[in-house]
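Data block below; observations after.
The values are calculated or read from the model by the stated rules, or taken from the named source; none is laboratory data. The model shown is predicted, which means the values in this text are computed figures rather than measured ones. Every residue, glycine among them, receives a Cβ derived from its backbone with ideal geometry; neighbour counts consider all protein chains shown. Accessible surface areas use protein heavy atoms only, side chains included; no ligands, DNA or RNA. Shrake-Rupley method; radii C 1.70, N 1.55, O 1.52, S 1.80 Å.
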Amino acid sequence: MSTTIKKIGVLTSGGDSPGMNAAIRAVVRACAYYNVECVGIYRGYQGMIEGDFKAMGPRDVKNIINKGGTILKTARSKEFMTPEGRKIAHDNLKASGVDSLVVIGGDGSFTGAEIFNEEFGFSVIGIPGTIDNDIFGTSHTLGYDTALNTVVEAIDKIRDTANSHNRLFFVEVMGRDAGHIALNAGIGAGAEEILIPEEAFGLDRLVDSLKKSKESGKTSSIVVVSEGDKIGKNVFELKDYVEENMPEYDVRVSVLGHMQRGGAPSCFDRVLASRLGVKAVESLLEGKSNYMVGLQYDKITLTPLEQAIKGQSEIDLELVKVSDIVSS
Ligand code: ATP
C-alpha cells in the first residue's frame, strides 16, 4: 500500500457505545499489520487539546474486544468548538508526528472532524459509534445491536411482572431524534404499542389502541416510548393521561436509561467494529480522507462525512407496518 501516512491517531468522542473498544483494537492492530505507528488519544478532542497521547501496539489492546465502554475514555469538548482550541490540538498532533486521525463517535464528533480537516487539511476517517443508529450511510452504528439486545432482555423481564399483575407498562428507551431502538426492540419484545419521534401517534389513538387491545383479551401491555417521542408529553405524563382514561389499568413506568449504553458488545458489534476499524486504516493509507466507514447491504462502504452528518437515517416504514400487524 503506497502511502505518506506514518502515524495514525485514534480517539473516541461523544457518548460511549459498546463496540468502541473492539474498534480501537482493530485500528491499532491494522496499523501494526501495515507497519504504521498508532497513537491512542484519551478523552476525545479534549485529550487532543491537552496532548493526552499514548503510543499503542497490538498488546495494548489485548482482552478488550469483549468490553463495553472505551479504554481511551470519551468526552465532550467545548474548547474544540473554538478555532483556538482546534489550533492547540493541531499543534499537539504535529509535535507528536500524528498525521491522520480515526474518530469513533456520532455526528457531533464527525462535524468536529470535518471542520478540523477543512482548517488544517488533516486526514480524517470516521467510524460511527453511537447506540442510536441515527447516522446516514450505515445500516448499523457501533453499539446499536448490543443496545437492542439489552433493551429486549429488559422488556422481557418487565413483561413477566406486567403479566403477573395485569399491568400496563410504559418503557422509555434511548433515541432523542431517532426511533430505531424503540421500533426494533419493541417488535423484538412483542410490544403492544411503539411511540417514536418520526411518527406523531397522538394520545387519543394511543388510548383507543390500548382499549382495543384490552377488549381483544390482552391482560397486560407494554408500550415502548422513544425518549424523543413527539406526542408532546414525557413518559410520566403519558402514564397519568392513560390512567385517567383507562382506570381499569394499573399503569407503571420504567425508564431504562444508561444501562442501554453499557455491557459487553454483541458478536455482531464486535465483527462490525473489526471490519470498520480495518477499513478506516486502509482508507487512510490509500490516501482517502473526510469519509465515514459504514455498513451497507453487508458491505463496508465509504460515505463523505458531510453526507453522513447531514443525511437522514430514515426509519423503515415496513417495520412500522409489521409492528402494527404483529401486535394486534
Ligand atoms: P452522541 O451521538 O453519542 O451524542 P456525538 O459525537 O454526536 O455522539 P457530541 O457531543 O455532539 O457527540 O459531539 C462530540 C464532540 O465533538 C463535542 O464535544 C465537540 O468537541 C465536537 N464537536 C461537535 N460539534 C462540533 C462543531 N460544530 N465544531 C467543532 N467540534 C464539534
**Item:** Largest-first principal axis extents, alpha carbons of the chain, Å
**Value:** 69, 36, 31
**Whole-number percent relative contact order across the chain, with pairs defined as alpha carbons under 8 Å at least 6 apart** = 24
**Asked** How much mean residue ellipticity at 222 nm does the chain get from its helices, if each DSSP H run of length 4 or more adds -39500 (n - 2.57) and you divide by all residues, to the nearest 500 deg cm²/dmol?
**Response** -13000 deg cm²/dmol
**Request:** List every residue whose amide H lies under 5 Å from the amide H of Asn166, counting only residues 5 or more places away in sequence or on a different chain, with H placed 1.01 Å from N in the peptide plane.
**Result:** none
**Request:** Take the alpha carbon gyration tensor of segment 144-261, find the square roots of its eigenvalues, order them as a ≥ b ≥ c, and report rounded if a/c is under 1.5; if not, report prolate when a/b exceeds b/c, else oblate.
**Result:** oblate
**Asked** Non-local amide H neighbours of Leu256 (under 5 Å, H modeled in plane, Pro and chain starts lacking H): which ones?
**Response** Glu172
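Roughly what % antiparallel, to the nearest 5, for the DSSP beta bridges in the chain?
Antiparallel: roughly 20 percent of the beta bridges in the chain.
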**Prompt:** Looking at the square roots a ≥ b ≥ c of the eigenvalues of the Cα gyration tensor of segment 39-99, which shape do they give, rounded for a/c under 1.5, prolate if a/b is larger than b/c, or oblate?
**Reply:** oblate
**Asked** Carbon-plus-sulfur fraction of the accessible area of segment 1-111, 1.4 Å probe, in percent?
**Response** 51
**Request:** Compute the distance in nm between two label points, each set 7 Å from the Cα along the Cα-to-Cβ direction, one at Ile88 and one at Glu237.
**Result:** 4.1
**Asked** Accessible area per residue of the chain at 1.4 Å probe, in Å²?
**Response** 44
**Item:** In range of the label at Thr4: residues from segment 94-124 whose backbone nitrogen is under 18 Å from the point 7 Å along Cα→Cβ
**Value:** 94-102, 117-124
**Request:** Take the Cβ-Cβ distance between Asp250 and Arg76 as r, set R0 to 35 Å, and report the resulting FRET efficiency rounded to the nearest 0.05.
**Result:** 0.30
**Request:** Determine the dipole magnitude for the chain: charges of +1 sit on the beta-carbon of Lys and Arg, -1 on that of Asp and Glu, nothing else is charged, the reference point is the Cα centre, and the result goes in debye to the nearest 20.
**Result:** 1320
**Complete:** Per its Cα gyration tensor (rounded if a/c is under 1.5, else prolate when a/b beats b/c, else oblate), segment 1-149 is best filed as oblate
**Request:** Convert each backbone phi in segment 128-139 into a coupling constant with the Karplus relation 6.51 cos²θ - 1.76 cosθ + 1.60 (shift: θ = phi - 60°), then list the ³J(HN,Hα) values in order as whole Hz, x for Gly and Pro.
**Result:** x, x, 6, 6, 6, 6, 9, 10, 5, x, 8, 6
**Asked** Among Lys78/Lys279; Lys211/Lys321; Lys78/Lys310; Lys87/Lys279; Lys212/Lys233; Lys288/Lys310, which pairs are too far apart, with a Cα-Cα distance over 26 Å?
**Response** Lys78/Lys279; Lys87/Lys279
**Accessible-area composition of segment 144-261, carbon plus sulfur, in percent [1.4 Å probe]** = 44
**Request:** Using Cα centres only, tell me the gap between segment 1-79 and segment 269-321 in whole Å.
**Result:** 18
